[in-house]
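The values are calculated or read from the model by the stated rules, or taken from the named source; none is laboratory data. No experiment lies behind these values; they were computed from the predicted model shown. Positions of Cβ are generated from backbone atoms using ideal geometry, with glycine treated the same way; all protein chains shown enter the neighbour counts.
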Amino acid sequence: MLALVLASGGGAAQAQAQAQAQETPARRVEAVIGTAPVGGTFYLAGGAVCTAFNRAQGAGGLPCLVAPSAGSADNLARLRRGEIDFAVVQSDWQYLATHDGLPDDGRPWTQLRAVFALQAQPVTVLVHPEADIAALDDLKGRRVNLGPPDSAMRVAAEGLIEALGWRRRDFEGLGELAAPDVPEALCARRIDAAIVPLSHPSRLVADAVMRCGARIVAVTGAKVRRLIADWPFYAPATIPGGLYPGIDQPVPSYGVRATLVTTATVPDATVYRLVKAVFDDLDRFKAQHAVLGGLDVEDMIGPVNTAPFHDGALRYYRERGWQK
């Protein structure tokens, strides 16, 4: 079983909760949410959901626990094995599991259920201030980093390039640096730009902006709109202004979203109470972390949720008049 971390504040309290959770029988836990490595935005989002649930439950209720993991694929595999009750996964992974199946299976997962969407992960085009790149088309002929082969970063970058109709020969060079290496390489002018899908505010972007005044270029246009229309796991997204020095205006883009999923076998009552806990006090939920600050109901229950909604979630959404 995964090591579990109770959603709470403070390092010491968190460590104590983890030790207790490892000794807690499964029957004494109401819900376990698979997230991502500790400190990542999926982990923070899952923690915010558990905090809302536990607050609504009160002292007498069984707790919601956060389970660190390797991310979307790991979460879906553990969810299918019944090791966790909920999972935070990218919207493209939700679509893949529902329509094509997981890589080790290849059959559509008919029991996967959507709960709601969380923070956006906009495709962020980060450029050096002296690279003379003011618009998306200006990337042609430049040294652009796409990310390591087979990474989520690389898949997003190649998807954008393909949608724009560009080819490898259209660039001076295409890099394979991992995301943490982008700020140093960009500011040293080993690359002119990088295409990185991530949630904002981002330490990576803040690092590049502070080091060398890096800028963010809008990702818009007819071909981008067509890409969103063709693939329902994508959605328009805006990088808010004022998050980074010198980037005062919002920057339009698109991307996947983090989503919360579960299975049809999880009790309706559990899902209903979890959804109710989040949406009945949505402002408080959003205030738990900056990456959640831009959430609204329309996006959270929107079309990026490509699996059928769980019956417990639908019950709440119908009560609020948000779903038929």
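If you go through the range 94-138 and keep only what is within 23 Å of residue 323 (Cβ to Cβ) and among the hydrophobic types (A, V, I, L, M, F, W, C), you end up with 97, 109, 112, 114, 115, 116, 117, 118, 120. For the range 120-143, filtered to residues that are free of Cβ contacts under 8 Å to residues at least 60 places away in the same chain and assigned to a loop (DSSP other than H, G, I, E, B), the residue that is nearest to residue 193 (Cα to Cα) is 142. Condition first: surrounded by 15 or more Cβ atoms within 10 Å (Cβ to Cβ), under 16 Å from the mean Cα position of the chain (by Cα), part of a helix (DSSP H, G or I) and in contact (Cβ under 8 Å) with a residue 24 or more places away in the chain. Can you find one or more residues in the range 242-265 that meet it? Taking every residue of the range 242-265 in turn, none turns out to be surrounded by 15 or more Cβ atoms within 10 Å (Cβ to Cβ), under 16 Å from the mean Cα position of the chain (by Cα), part of a helix (DSSP H, G or I) and in contact (Cβ under 8 Å) with a residue 24 or more places away in the chain. A single member of 294, 321 is modelled with pLDDT of 95 or more and of a type in the set (Gly, Ala, Ser), and it is 321. Out of the range 49-70, which residues are outside any strand (DSSP E or B) and either among the polar types (S, T, N, Q) or buried (at least 19 other Cβ atoms within 10 Å of the Cβ) (or both)? 49, 50, 51, 52, 53, 54, 57, 63, 68, 69 - these are the residues of the range 49-70 that are outside any strand (DSSP E or B) and either among the polar types (S, T, N, Q) or buried (at least 19 other Cβ atoms within 10 Å of the Cβ) (or both).
Only residues that are surrounded by fewer than 20 Cβ atoms within 10 Å (Cβ to Cβ) and out of contact with any Lys or Arg (no Cβ under 9 Å at 6 or more places or on another chain) were counted across the range 286-295, and they come to 5.
Filtered by the rule that a residue be among the aromatic types (Phe, Trp, Tyr) and touching a strand residue (DSSP E or B) at 6+ places or on another chain (Cβ under 7 Å), the range 282-316 gives a lone residue, 309. The sole residue among 104, 92 that is free of Cβ contacts under 8 Å to residues at least 40 places away in the same chain, of a type in the set (Asp, Glu) and out of contact with any Cys (no Cβ under 7 Å at 6 or more places or on another chain) is 104. Among what's in the range 14-42 and is among the polar types (S, T, N, Q) and crowded, with 20+ Cβ neighbours inside 10 Å, pick the residue that is modelled with the lowest pLDDT. Among residues in the range 14-42 that are among the polar types (S, T, N, Q) and crowded, with 20+ Cβ neighbours inside 10 Å, the one modelled with the lowest pLDDT is 41. From the list 176, 172, 158, pick out the single residue that is more than 26 Å from residue 41 (Cβ to Cβ) and out of contact with any Cys (no Cβ under 6 Å at 6 or more places or on another chain). Every option except 172 fails the conditions.
Is the range 220-236 home to any residue that is more than 23 Å from residue 159 (Cα to Cα) and more than 16 Å from the chain's Cα centre (by Cα)? Looking through the range 220-236, none of the residues is more than 23 Å from residue 159 (Cα to Cα) and more than 16 Å from the chain's Cα centre (by Cα). So which residues in the range 144-177 are part of a loop (DSSP other than H, G, I, E, B) and of a type outside the set (A, V, I, L, M, F, W, C), if there are any at all? Listed by number, the residues that qualify are 147, 148, 149, 150, 151, 165, 167, 172, 176. Among the candidates 155, 196, the residue that is crowded, with 20+ Cβ neighbours inside 10 Å, in the same structural domain as residue 246 (by TED's automatic domain parsing) and among the hydrophobic types (A, V, I, L, M, F, W, C) is uniquely 196.
Looking at the range 96-111, is at least one residue on the phi > 0 side of the Ramachandran plot and either modelled with pLDDT of 95 or more or surrounded by fewer than 21 Cβ atoms within 10 Å (Cβ to Cβ) (or both)? Yes - at least one qualifying residue is present in the range 96-111.
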